[in-house]
Amino acid sequence: LAKTTQPISMDSYEGQEVNITCSHNNIATNDYITWYQQFPSQGPRFIIQGYKTKVTNEVASLFIPADRKSSTLSLPRVSLSDTAVYYCLVVTGGGNKLTFGTGTQLKVEL
Amino acid sequence: DAGVIQSPRHEVTEMGQEVTLRCKLISGHNSLFWYRQTMMRGLELLIYFNNNVPIDDSGMPEDRFSAKMPNASFSTLKIQPSEPRDSAVYFCASSFRPKGTGDTNTEAFFGQGTRLTVV
């Protein structure tokens, strides 16, 4: 399973765009990339999933370059309520086993 | 659907006692995951089931831990005997795993967790 590396923490201000980059250098051909968000005292919540190029939903965008060795989660115009831990995961294609790393603690301030 | 339901939400027990955590899956889901979260070790996958069958239990700490799925919608995680180092928040999550190998679904739904304190 591909190991993921992401920043331990990031700070931002309300209204800014936040980009969190994750490295997964040994990602396999059939692996997918997925991101989760976790608020204090709650379970993680799915944000977005992608395989290549760009995926966008109502919450975020996921950018994956051609070599797929990294991915970037983009949160447009963050608010205080986006303060949370964000996890990048690599999942084997056809499977659904989720192995979480340490995540990135995003803190949004006024 | 009410989502994944875990019980109890909080449990305080004495060392050596048996603890049973419960989880009700979302209707129609066929995969079940048990996780443990602590500040020191983060979010650890303990075991996961597909179609009621344990697929990977390599994360189960030791023989004191056991998990079962008596039916497709319910699971239990039992710790016997419990120890102070088992204190953590335990989450269960459910998802739907497509039958086709060409489909990948990474969306899992987590319960609110059970905060276990062993004194």
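None of the figures in this text is laboratory data; all of them are computed from the coordinates on show. Note that the structure is a prediction, hence the values are computed from the model and not measured. With ideal geometry, Cβ positions are generated from the backbone for all residues, glycine too; neighbour counts draw on all protein chains shown.
Only one of (1) in contact (Cβ under 8 Å) with a residue 24 or more places away in the chain; (2) more than 16 Å from residue B:4 (Cα to Cα); (3) aliphatic (A, V, I, L, M) fails for residue B:55. Which number is that?
Looking at each condition in turn, residue B:55 falls short on (1).
I'd like the residue in the range B:31-43 that is surrounded by 18 or more Cβ atoms within 10 Å (Cβ to Cβ) and more than 10 Å from the chain's Cα centre (by Cα) and, out of all such residues, is farthest from residue A:103 (Cα to Cα).
Selected residue: B:31.
For the range B:73-119, which residues satisfy the criterion of being part of a strand (DSSP E or B), more than 14 Å from chain A (Cβ to nearest Cβ) and out of contact with any helix residue (DSSP H, G or I) (no Cβ under 8 Å at 6 or more places or on another chain)?
Correct list: B:74, B:75, B:76, B:77, B:78, B:117.
Pick out the one residue from A:55, A:90, A:59, A:108 that is closer than 29 Å to residue B:39 by Cβ, part of a strand (DSSP E or B) and within 14 Å of chain B (Cβ to nearest Cβ).
On inspection, the qualifying residue turns out to be A:90.
Out of everything in the range A:66-96 that is over 10 Å from the mean Cα position of the chain (by Cα) and hydroxyl-bearing (Ser, Thr, Tyr), what residue ends up being farthest from residue B:31 (Cα to Cα)?
Among them, the one singled out is A:79.
For the range A:1-17, name all the residues that are part of a strand (DSSP E or B) and under 14 Å from the mean Cα position of the chain (by Cα).
A:5, A:9, A:10
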